[in-house]
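Asker: To start, I am sharing the structure in question, which I have written as structure tokens.
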Amino acid sequence: MSAGGLIAAILLVTAAALIIALPFLSARRKAAADGALLKQQDRVIAYYERALQNIRDLDEDHALGKINEESYRQDRELWAQRGAQALKLLDQLTVENGHPADSSDDVIEQMVAQSREKQAASTTQAQP
């Protein structure tokens, strides 16, 4: 085999190997990116749950008279804002992940509406 043929064969084998390996390499990158996004979503959910727990604790302390009204209102407003920010961030992350934030809610709402329509139709037919 000539030197030119050998170089051509090596280039052909290398190109074939790259073409075959490329989907596997891109899948790993996507999986790593998805994993990082899921970790970030988990952190945001944990922060939101912490904000809710702090609001519940504040409500309980206020009901028992442990904190004054002004401090209660300020702290409650602060944690409510933080919780709202966490929910907004969670919605953004959900959309970035390729899952529209409201798609599952829309499906559930449609199912509830269909169920109510069927129920209303059966109630109307049952009445003389």
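Asker: Mind listing just one residue for me: the one in the range 74-112 that is of a type in the set (S, T, N, Q) and more than 20 Å from the chain's Cα centre (by Cα) and, of those, modelled with the lowest pLDDT?
Answerer: Let us first name the residues in the range 74-112 that are of a type in the set (S, T, N, Q), namely 74, 81, 85, 92, 94, 97, 103-104, 110.
When the remaining residues are screened for being more than 20 Å from the chain's Cα centre (by Cα), the result is 74, 110.
Values: Gln74: 95, Gln110: 79.
The residue in question is Gln110.
Asker: Give me the pairs, please: first residue somewhere in the range 65-88 and more than 21 Å from Arg43 (Cα to Cα), second residue anywhere and of a type in the set (Phe, Trp, Tyr) and outside any helix (DSSP H, G or I), beta-carbon distance under 7 Å, and either six or more positions apart or on two chains.
Answerer: Taking only residues 6 or more apart or on different chains, not a single pair turns up.
The values are calculated or read from the model by the stated rules, or taken from the named source; none is laboratory data. Being a predicted model, the structure only gives us computed values, none of them experimental. No Cβ is skipped: glycine too gets one built from the backbone with ideal geometry, and neighbour counts run over all protein chains shown.
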